[in-house]
Amino acid sequence: MTTFGPAMPDFTELAPGVRRLLAPNPSMMTGPGTNTYLFGVAEIAVLDPGPLIEKHLEAIVDRSAAPIRWVLVTHTHPDHSPAAVELAKRTGAKLLGSPAPLGRHQDSTFRPDRELIDGDRVTVDGIELEAIHTPGHASNHLCYRHVQLNWIFTGDHIIDGSTVVIDPPDGNMSHYLASLAKVNNRQPAILAPGHGELIRDPARAIDWIIDHRLQRESKVVAALRAHPGLTVRQLVPHVYKDVSEHLYGWAERSLLAHLEKLADERRAAENSGYWSPT
Ligand SMILES: [Zn+2]
């Protein structure tokens, strides 16, 4: 599922006042690990401090070398936000973002001091960050646009070298595709993802993702026609012939997301767990 590039450095200065720290949590789902971004020099906003790892928290404070005023998160999955509360406690920073919805795989410790909604702006050391609501991977997902550079920090909405899991009910494929178009419409110069390296050709990367999702959708439609009346689990091998069996659990979640999108569009229907085309 993941095809990340060569090993990433632990610390990188990406642009004046924009730095990236790599959390030491590499895995199949997180690639090289979670990217934490620091904005500002005289004062700091931290984006996505990652899971609660003492060594990483210390690195964030050391590298900041200035008062940390804000801790922002893109969303509340366990590899992005759990260190936020502890970091705020140590530094007096305020938490900014969207609260965790109910459900599994959510960090319910994250309760923002200021809830951000689409279009809200945060200023740190002269840098303006604009929140862009991008539901799909997670219903409370926010991307952040660095207004002066027109870079978009994409969390798990768009990552480098891989596709992200859309896990219903909080994950939603129709919303995901609409949110991809929303980011593309800003014509960002660069995407800075939550996992992996900078994406320097955003329009091409986004087109590839949309194309990949729609190709998968057409495989779903073909499988439904060829094998009507199967459960989601039974459909997986017909739709994900290219995916190894140990990933079928995740494939099943994504397949359900595709089926729900087709049901919303009245192209598929479910009856007692069995799916058919309409
Ligand atoms: Zn996530």
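Treating the angle as unsigned and between 0 and 90°, give the value, to the nearest 10°, between the Cα long axis of helix 173-185 and the longest Cα principal axis of the chain.
For helix 173-185, the angle is close to 50 degrees.
Answer rounded, prolate or oblate for segment 126-203, using the Cα gyration tensor with square roots of eigenvalues a ≥ b ≥ c: rounded when a/c is under 1.5, else prolate when a/b is larger than b/c, else oblate. The partial results should precede the final answer.
Numbers: a/c = 1.91, a/b = 1.51, b/c = 1.26.
Prolate shape, in that a/c is at least 1.5 and a/b is the bigger ratio.
Among 247, 259, 227, pick out the residue whose Cα is farthest towards the positive end of the charge dipole of segment 219-277, where Lys and Arg carry +1 and Asp and Glu carry -1 on C-beta, about the Cα centre.
The residue sitting most towards the positive pole is 227.
State the number of lysine pairs found in the chain whose Cα atoms come within less than 29 Å, restricting to pairs 8 or more positions apart or on distinct chains.
The result is 8.
Calculate, for residue 263 and residue 14, the FRET efficiency according to 1/(1 + (r/R0)^6) with r their C-beta to C-beta distance and R0 51 Å; round to the nearest 0.05.
Numbers: r = 41 Å, r/R0 = 0.81.
Taking R0 as 51 Å, the efficiency between residue 263 and residue 14 is 0.80.
Using alpha-carbon positions, what is the distance between the centroids of segment 5-59 and segment 69-135, in Å?
One Cα centre to the other: 15 Å.
As a test of the definition: which semi-axes, in Å, follow for segment 57-155 when you take the square root of five times each eigenvalue of its alpha carbon gyration tensor? Largest first, please.
Three semi-axes, in Å: 20, 18, 11.
Find the Rg to Rh ratio for segment 219-277, where Rh is the Kirkwood radius over alpha-carbon pairs and Rg uses the same atoms.
Values: Rg = 10.5 Å, Rh = 11.2 Å.
Here the Rg-to-Rh quotient is 0.94.
Taking amide H atoms as placed 1.01 Å from N in the peptide plane, list the residues 5 or more away in sequence, or in a different chain, whose amide H sits under 5 Å from that of residue 52.
Sorted by chain and number, the residues that satisfy this are 83.
Under a point spin-label approximation (7 Å from Cα along Cα-to-Cβ), what is the residue 272-residue 28 distance to one decimal in nm?
According to this spin-label approximation, the distance is 3.4 nm.
Exposure proxy check: 232, 164 ranked by fewest other beta carbons within 10 Å?
Values: 232 18, 164 24.
Going from least to most buried by this count: 232, 164.
So what's the projected area for the chain, the Cα convex hull averaged over all directions, in nm²?
One quarter of the hull surface, i.e. the mean projection, equals 14.0 nm².
Principal axes first, then extents: for the Cα atoms of segment 1-82, list largest minus smallest coordinate on each axis, whole Å, largest first.
Over segment 1-82, Cα extents along the principal axes are 40, 25, 21 Å.
Mind putting a number on the dipole of the chain about its Cα centre? Charges go on the C-beta only, +1 for Lys and Arg and -1 for Asp and Glu, and I need it in Debye to the nearest 20.
Working: 27 positive and 33 negative charges, 82 e Å.
Computed charge dipole of the chain: roughly 400 debye.
On C-alpha positions alone, give me the angle between the axis of helix 248-264 and the longest principal axis of the chain, in degrees, nearest 10.
Taking Cα atoms only, the helix is inclined about 80 degrees.
Each reported figure results from applying straightforward, stated rules to the coordinates on display, with no laboratory input. Not measured: the values here are computed from a predicted model. Here the Cβ is made from the backbone with ideal geometry for all residues, glycine too, and neighbour counts use every protein chain on show.
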